[in-house]
Each structure stands twice: as structure tokens, then as C-alpha cells.
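Colleague: Take this structure first; my questions come after.
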Amino acid sequence: MQEKGTISIHTENIFPIIKKFLYSDNEIFLRELVSNAVDATQKIKRLATLGQYNGELGDITVEVAFDKDKKTITISDRGLGMTAEEIKKYINQIAFSGAAEFVEKFKDAKDANEIIGKFGLGFYSAFMVADKVEINTLSYQEGAAPARWTCDGSTEFEISAGDRKDRGTEITLFINADSEEFLDKWKLQGILDKYCKFLPVPIKFGTKTDSVEDGEEADGKKKWKSVEKDNIINTTSPIWTKSPNDLKDEDYLKFYKELYPMGEDPLFWIHLNVDYPFNLTGVLYFPKVKNDFEMQKNKIKLFSRQVFITDEVKDIVPEFLMLLHGVIDSPDIPLNVSRSFLQADSNVKKINSYITKKVADKLGELYKKDRKVYEEKWNDIGLFVKYGMISEDKFAEKGKDFALLKNTKGEYFTLPEYKEKVKAIQTDKNDQTVYLYATDVNKQDGFIQSANKKDYDVLVMDSPIDSHFIQHLEMKEEKTQLKRVDADVAEKLIEKEDSYANLLTEDQSKKVKEIFEKAISNATYSVDVAGLSPEEMPVTVTMDEFMRRMKDMAQMGGGMSFYGSLPDNYKVAINGNHPVIDKLLKTEDEEAQTKLAKQAFDLALLSQGMLTGKDLTAFVKRSVELI
Ligand code: ADP
Ligand code: MG
């Protein structure tokens, strides 16, 4: 048997294109050839189960080997093999309709995956690294003759009788001059680790040395000896393919370590398992979130039938869950098409909402099971939950049951619990419930204490996501408003009918205002005299909630540059009912009066950490004089 022919594609030479445009990703040739070998092995196993193959299965290990001198890489399997006819059918007739269109369309393709999968070019990816490829194969079918196919990278191929004695296929790549880097043990091991680590059939790559027990020494100590063992590079049944019932916590933790050897133990995990209406398995881990969370992003690995595809899962996993770690395996995700298509794909959408639901269910379950433990982990979980609630309405709906608010006393409340807690005392005369929060409990301590004195509760909102979460709460919680605890004096944070009357006359108030304006002599502070509790500080410096938020947003690049360009603008509230103000009015000497006002004002700044530099030095000096 000897036959020559032309591979049926309609353009003269496809291989230069494959080589040229796929160069950056050329290591995937090994993924393609090894997964073909695995597919062929799975097929023969299935045929055996179905009773359509009655021979011995034998050792079905797939083997990858290389020969530096001959410059070859071989991938061999004991799968179902091919007859010469089958080679012609499956290998020669590349399954795509218009090669001309192909060439046109993918001239500028950057991503090899895009082309390889779309046109079923899996096998042909071999030509990215090889000048010549040879197939030696023997079909499992009774009486089949071994066949050999060679192709030198042109569209010419040759089929002849082969000499293979046992069932299966061996692919030999004659590596081209540009790709000799692949003729290296560590290089190949690295690629196998990346793509083939969890394939369902054992894959051997050379041998490794192992120590095994070898009886005992005279003193009873164990003896060890080195043995050469097959280097099996993969785990054939990774945990995501198993039933959760058969797995213990240790198994999940061990797998996590296998994926991220440097990682700290995760907080908890979710085992995904659906087969309808799409197929998806996987394990997602919640890591401890660190500050540099960009580093922790993009850690989910995407597999298709246990073959690693990518760790770019941006469109499959909801954005807010990008911080999760772990694996997702689905044959239903179209891997080889453009991003925009992916976003529109209905399976991807379903998968996306399935994952969202699963994560929400898991969080709800953890919360119900042991609230104490959940609260302890809230610092880490909170980021996911808040981000999820902000970005996904469906998640926000579920999140109501397990999102927590923490107050300055370290107590935790669900959203309904908190409303219940503060409603009676913190509802203003317009029927708005006002939640108070601190972004820096140390700096805002004075304000927190004043609020607490009025029996107001203060929440801690100190993570970067909280400014968004605050807006989310205001939008979702009925008749609710959030104010930073230093947005005003405690008296005015929540406006009630029964605020204190100002004991000063109008003239006195005017006089006090003038004294302070003169003492401060800075236009960024606007002075206001009001009747507050005598318990309050004589002077308080605040920044309006609205103004502060706008400025914060401008700073974060939220497009509010108008506010960003305004100077900081502070309100100075003078407590007309404080004895110091009375003393001030009674002070005859103008210089002494200014000094006293300045002192009271500086104290207010000091309590907020706003007094620095020369002003601080002057304040200390003045204080010494006064005592
Ligand atoms: P795909 O794997 O997507 O079908 P490939 O180009 O990778 O596309 O392979 C084309 C076909 O060649 C396979 O479907 C299979 O029929 C056949 N084939 C490739 N490699 C082997 C192998 N090692 N053993 C048996 N058949 C193979
Ligand atoms: Mg293939």
C-alpha cells in the first residue's frame, strides 16, 4: 500500500499561516495531541464497556517522550487507533468549509485558541513546532492493518503500510529549528503540568527517582533504596470530578495547596455540580482577601473535560467573584470564540447566574449554620458580599439575609436587625432613619463618643468598597440615609423637633460669630452659632456629608471634577450653650478674646487630627501660657 494525495483544503498552503499567526501560543500543540491521545483511550474504554471491543485493554497509559538528538517529540497511546481510511477521513479532510475565508479572517488573529478550536485544527497545531509529522497507528478493529502517515508541512501527505504491532497511535513530531526549546525536559514538564495535570488517563513522561523502604538495618532502622519509577504527570480523578459526599475538608484543602502551593488556607469552598441545562463541575474557594487584591484576581482555572484551557475566566464568572480561586470545568463553554460572542452566549449567561446563586446559597447556609463563625470571617467575606450586592440585583436580594453591618462596639447586625435597632432613636423629624458611620474610628473618636452619648449607634465603614455600599444601602433601604459621624455636630446629625434652644440673643450670637471669624481668619471655614447641648464641645469642625462624598468621588476619578476643584469647605459650629462661649462674651480685653476663640477652634481641629505644623506649635505654646 502506498498512496499519495493532497490534503483537501482550498488554499495552497495553510501551514505557514498556522505557524506564523499562532506562534505566541505554540505550546498548546502538546495539549492538543495529548488530549487526542486521551480521547482515543477513552473511546476504546467505552467500546470495551459496550462489548464492542473484546480484546485486552492492557496498560492504557499515554506516553510523551522526546529525543534531543533526533529532535523528535512523540505522543503515543493505546487508544482505538485508526485505519488508513480513517486517517484520510479524520486527518486529511480538515473540517472547515472555506479555507480562503479562514485565511482572510484570521490574518490578524492573535489568539491561537481562536483558530485551533474553531476549525478543528487540533491535530494540525503540531505544525506550529514541527517540519514533519508522522502517524503510526493500528486500529482496534479485527483484521485492521497498521498504517503510517507522513506530512512535511506542505499540503502533500503520504500514506503507507505501517509496522505497529499493538493497538493505538504514535505521533512523531520532527521539531523545526525555531522550536528546539521544546526539546527540553523541564520545558515539556512545565507544559504538561499546565494543561494536562488533571486529564483522566495516566500520562507518563520519562521516569523519576523515588525512595522506597528496603527492609531494616540491624538496629531496627528502616532501610531505603532509590528506584526509578514512571513519572506520571497527572491526577486522573481530581476532586471536582468526585461526589462531595466522598470528600473531606482535608481533600479540599489538599487540592487547594496543589493549585496554589504558596497560598494561605482558604476560608471555605463551594463544590459546583450541574448537568442540566448545562454541564458544569468545579470547586470554588474563598481566599483570605489581602490588600493588594489585584494580585489575587484571575486565579480561577477553566477546564474543558479536565483539559486546562485558560485562567481568563472574566466573562464566565461574575465580575464580583473574580477574587475566588479554584477550578471550573465545563464542556459547554465555547472556548474558541471571541469575547463579545462569549458574553452573548446563553450557556455562559446561565453559568454565570448559576455560580452567583450557588455562592449566595453557600453564604446563606454558613450564616445560618453558625453565626459566630460567620461573623469572625466577616472581614474577609464582607468584600465579596458587598461587591456582589452592589453589582448584581439578584445577589443583593439574597444578600439581605446574610450581609452584616458592624458597629464601633464590634457588634454585628443583619440589615433588618439594624433597622430595628436604630429606628426608634435615629429617625429624624422627616421620618428618615439616619445610619451613622465612621470611616476611621480613631480619628473620629470624638464624634463617635458624642453620638453614643445621645444613644446613637455608629457603624464602621472603613473598607474601600464601603463608600459604594453606603450608596447601595441608601438606594435599597427604604427611608434611610447614611451620614458620616463627623458630618455635623451630634445635635444636628439627626434633626429632631426638640433640639436645644440657643440661649444667646441674636446680638450675642452675631458678636460670637464675629469674634470667631476674626480669630480663624480663613474663608474656607464658615462659622455658625447654634444652641447645642452644654455637654457638647464649644466648637466643632465638620464637613457636610454631601460635599465630602462628592469630593471623595472626584478624588477616585468618578467624574465629579467640579467638586474636586472646590477648596475644602468646613463648617464651624459654635455651641452657644457652652460655658466657654459665655466666658468669651464676658472677656473685655479684645486680644484675650481672640486668643480664647482661637484656642477653642484649635482644640476642635486637634480632636480631628487637622491641626498640624506651625498651627500645632502655636497651639501648644498658647496652651502653656494659658495654664
Ligand atoms: P478533534 O480532536 O477536535 O476531533 P483533531 O484535529 O484534534 O480534532 O483530531 C481530528 C481527528 O483525528 C479526531 O477526531 C480523531 O478522530 C482523529 N485522531 C486524532 N488523534 C488521534 C489518536 N491519537 N488516536 C485516534 N484518533 C485520532
Ligand atoms: Mg483534538
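The values are calculated or read from the model by the stated rules, or taken from the named source; none is laboratory data. None of the values given here were measured: they were computed from a predicted structure. Neighbour counts are summed over all protein chains in view; Cβ atoms, including those assigned to glycine, are modelled from backbone coordinates with ideal geometry.
Colleague: Identify all residues within segment 29-76 that are aromatic (Phe, Trp, Tyr) and within 16 Å of Ile175 (Cα to Cα); write none if there are none.
Modeller: Within segment 29-76, the first condition is being aromatic (Phe, Trp, Tyr), and the residues that meet it are 29, 53, 66.
Those that are aromatic (Phe, Trp, Tyr) and within 16 Å of Ile175 (Cα to Cα): Phe29, Phe66.
Colleague: Is it the case, given these coordinates, that Glu517 is free of Cβ contacts under 8 Å to residues at least 24 places away in the same chain and touching a strand residue (DSSP E or B) at 6+ places or on another chain (Cβ under 6 Å)?
Modeller: Details: free of Cβ contacts under 8 Å to residues at least 24 places away in the same chain: yes; touching a strand residue (DSSP E or B) at 6+ places or on another chain (Cβ under 6 Å): yes.
In short, yes.
Colleague: Another question about this same structure. For segment 222-319, which fully contained strands (runs of 3 or more DSSP E) count at least 1 residues that are free of Cβ contacts under 8 Å to residues at least 12 places away in the same chain and over 24 Å from Glu376 (Cα atoms)? Give the derivation first.
Modeller: Numbers: elements: 222-232, 268-274, 280-286, 299-304, 307-310.
In segment 222-319, the matching strands (runs of 3 or more DSSP E) lie at 222-232.
Colleague: Please work out which residue is surrounded by the fewest Cβ atoms within 10 Å (Cβ to Cβ), limiting yourself to segment 130-161 and to residues that are more than 16 Å from ligand 2 (Cβ to nearest atom) and among the β-branched types (Val, Ile, Thr).
Modeller: Thr150
Colleague: Enumerate the pairs (first residue in segment 153-171 and more than 19 Å from Asn92 (Cβ to Cβ) and in contact (Cβ under 8 Å) with a residue 40 or more places away in the chain; second residue anywhere and among the hydroxyl-bearing types (Ser, Thr, Tyr) and in a loop (DSSP other than H, G, I, E, B)) with beta-carbon separation below 8 Å, excluding pairs fewer than 6 apart on the same chain, so at least 6 apart or on different chains.
Modeller: Arg167/Ser139; Arg167/Tyr140
Colleague: Oh, and also: From the list Ile75, Ile60, Ile28, exactly one residue is under 27 Å from Thr207 (Cα atoms), at pLDDT 95 or above and within 16 Å of ligand 2 (Cβ to nearest atom). Which is it?
Modeller: Numbers: Ile60 fails: within 16 Å of ligand 2 (Cβ to nearest atom); Ile28 fails: at pLDDT 95 or above.
So the residue among Ile75, Ile60, Ile28 that is under 27 Å from Thr207 (Cα atoms), at pLDDT 95 or above and within 16 Å of ligand 2 (Cβ to nearest atom) is Ile75.
Colleague: Got a sec? Which of Ile87, Ile94 is among the β-branched types (Val, Ile, Thr), assigned to a loop (DSSP other than H, G, I, E, B), within 16 Å of ligand 2 (Cβ to nearest atom) and modelled with pLDDT under 95? Break it down into steps so the answer makes sense when it comes.
Modeller: Details: Ile87 fails: assigned to a loop (DSSP other than H, G, I, E, B).
Among Ile87, Ile94, only Ile94 is among the β-branched types (Val, Ile, Thr), assigned to a loop (DSSP other than H, G, I, E, B), within 16 Å of ligand 2 (Cβ to nearest atom) and modelled with pLDDT under 95.
Colleague: Can you pull out the residues in segment 121-155 that are over 15 Å from Leu33 (Cβ atoms), part of a strand (DSSP E or B), of a type outside the set (A, V, I, L, M, F, W, C) and in contact with a Lys or Arg (Cβ under 7 Å, 6 or more places away or on another chain)?
Modeller: Quick first cut of segment 121-155, residues over 15 Å from Leu33 (Cβ atoms) only: 131, 138-148, 150, 152-155.
Of the ones still in play, those that are also part of a strand (DSSP E or B) are 131, 138, 147-148, 150.
Then drop every residue that is not of a type outside the set (A, V, I, L, M, F, W, C), which leaves 131, 148, 150.
Of everything in segment 121-155, just one residue is over 15 Å from Leu33 (Cβ atoms), part of a strand (DSSP E or B), of a type outside the set (A, V, I, L, M, F, W, C) and in contact with a Lys or Arg (Cβ under 7 Å, 6 or more places away or on another chain), namely Thr150.
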